[in-house]
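As structure tokens, the structure follows; a few thoughts come after it.
The values are calculated or read from the model by the stated rules, or taken from the named source; none is laboratory data. None of these values were measured; they are calculated from a predicted model. Note that we place each Cβ from the backbone using ideal geometry, even for glycine, and neighbour counts take in every protein chain shown.
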Amino acid sequence: MKGVTEETKERGPQRPVRFYAVRTIAGREIDVALLIESRARENNLDIRSIIVPPKVKGIVLVEAPAAFIVSEAIRGIRYARSVAPGYIPPEEIAKVMKEEVAIRIKEGDVVEIISGPFRGFRGRVERADLEKGQIELTLLDASYNLRIIVSPDMVRPVREETHGA
């Protein structure tokens, strides 16, 4: 046969490898990934890679030729819920894994809260500790002086304040 390698003869025709999303309990993504790896080695399953996206909770991405292989790998794993229908294109995986550009937020900036219970409110940054992942805000839209602490990914800059005017 033309273009057939020894490996292809042993394993049969090659299927395109796709990424499948496995739903998990939030916070147990690494546990599920390690159990899938162990199960794939024990049962000789054709799983090429396992990705735990750093900013996505409750999802583990598994690279395999077919969804039934992933289903077999997660069967009986306590924290794994199901395989999401369909597959994820590699371009989407790249978007999830790409590091975000650091947003420069400093004291005195006016920001809008884009998630959480105060979504839609504006606030002035009183203290920004980006190493700890905390920003202390005074809400501008509240009827009284209310200070809250939020994560940097919960806000987006609206404008910078000029100090001295």
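Of note:
- Number of the exception - ALA128 against (1) more than 29 Å from VAL56 (Cβ to Cβ); (2) buried (at least 16 other Cβ atoms within 10 Å of the Cβ): (1)
- Pick from segment 17-49, criterion among the hydrophobic types (A, V, I, L, M, F, W, C), closer than 12 Å to ALA73 by Cα and not in a helix (DSSP H, G or I), ranking: farthest from the chain's Cα centre (by Cα): LEU45
- Boolean, ALA33 is surrounded by 19 or more Cβ atoms within 10 Å (Cβ to Cβ), in contact with a Leu (Cβ under 6 Å, 6 or more places away or on another chain) and either in contact (Cβ under 8 Å) with a residue 60 or more places away in the chain or of a type outside the set (Phe, Trp, Tyr) (or both): no
- Segment 1-30 - residue that is buried (at least 17 other Cβ atoms within 10 Å of the Cβ) and closer than 22 Å to PRO89 by Cβ and, of those, modelled with the lowest pLDDT: ARG18
- Every pair of residues 6+ apart whose Cβ atoms lie under 8 Å, when the first sits in segment 102-123 and is in contact (Cβ under 8 Å) with a residue 24 or more places away in the chain while the second is assigned to a strand (DSSP E or B) and among the hydroxyl-bearing types (Ser, Thr, Tyr): GLY123/THR138
- Unique residue being of a type in the set (Asp, Glu) and at pLDDT below 85 when the list is GLU112, GLU72, GLU99, GLU126: GLU99
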